[in-house]
Amino acid sequence: MRYVLACFIWFWSFGCGAASAENFATLAEAEAMMDRAAAFVQKNGVALAAQAFVETGGGFRDRDLYVSMSRVSDGVRLSHFDPRMIGRSIAASRDADGKPYGEMIRAIALADGAGRLDYRVANPVTGKPMQKTGLIRRVGEVILVVGAYR
């Protein structure tokens, strides 16, 4: 039942409406969401941010744009558009081509505090693998990722 509810929420959040390039979020929109997400974490803390990031009405979901948040210490996801990913480590994440993008995201956050990474994952609107530019930012003890598909 929980899985069915999660799938319904995902479909309602991302599956409604025709998917076309003009409906995809831009990199500039991803950067704006990253800035808002980082400010939200700093002001409200990790627990409230995790809740806001997963709520459909929390202001952090727009078309194929969402915030993924994981802990710096162990890489465990605290928020993601797919509820099945919450509680899992990003270290095991590989893209459609086998690229270990989760490990790479964590390495960028630990070494530089911020950066970008290109990888190919399923777009939440289309369900098909697409190239994504993930914006990465460490905010205290969490890593935020917001990306745009192209």
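Mean separation of Cα pairs under 8 Å and 6 or more residues apart, divided by the residue count, gives the chain a relative contact order of 25 percent. Using 0.36 nm per residue and subtracting the Cα-Cα separation, the extra length available between LEU110 and THR56 on full extension is 16.5 nm.
Here's the picture: charge each Lys and Arg Cβ at +1 and each Asp and Glu Cβ at -1 in the chain, and of GLY134, PHE81, GLY147 the one pushed furthest to the positive end of that dipole is PHE81.
Mean residue ellipticity, 222 nm, helices only, the chain: the sum of -39500 (n - 2.57) across DSSP H runs of n ≥ 4, divided by residue count and rounded to 500, is -10000 deg cm²/dmol.
For the chain, what percent of Cα pairs sit more than 23 Å apart?
Of all Cα-Cα pairs in the chain, 29 percent lie more than 23 Å apart.
With one equal scatterer per alpha carbon and no solvent term, the Debye-computed log10 I(q)/I(0) for the range 22-69 at 0.24, 0.30 1/Å reads -0.84, -1.18.
Residues of the range 56-79 falling in the label zone of ALA47, defined by backbone nitrogen less than 16 Å from a point 7 Å along Cα to beta-carbon, are 78-79. Rounded to the nearest 20 debye, the dipole size of the range 14-150 about its Cα centre is 220 debye, using +1 on the Cβ of Lys and Arg and -1 on the Cβ of Asp and Glu.
FYI, it's all coordinate maths here, none of it is from the lab. Predicted model only: the values in this text are computed from it and were never measured. Cβ coordinates were reconstructed from backbone atoms using ideal geometry, including for glycine residues, and neighbour counts include every protein chain displayed.
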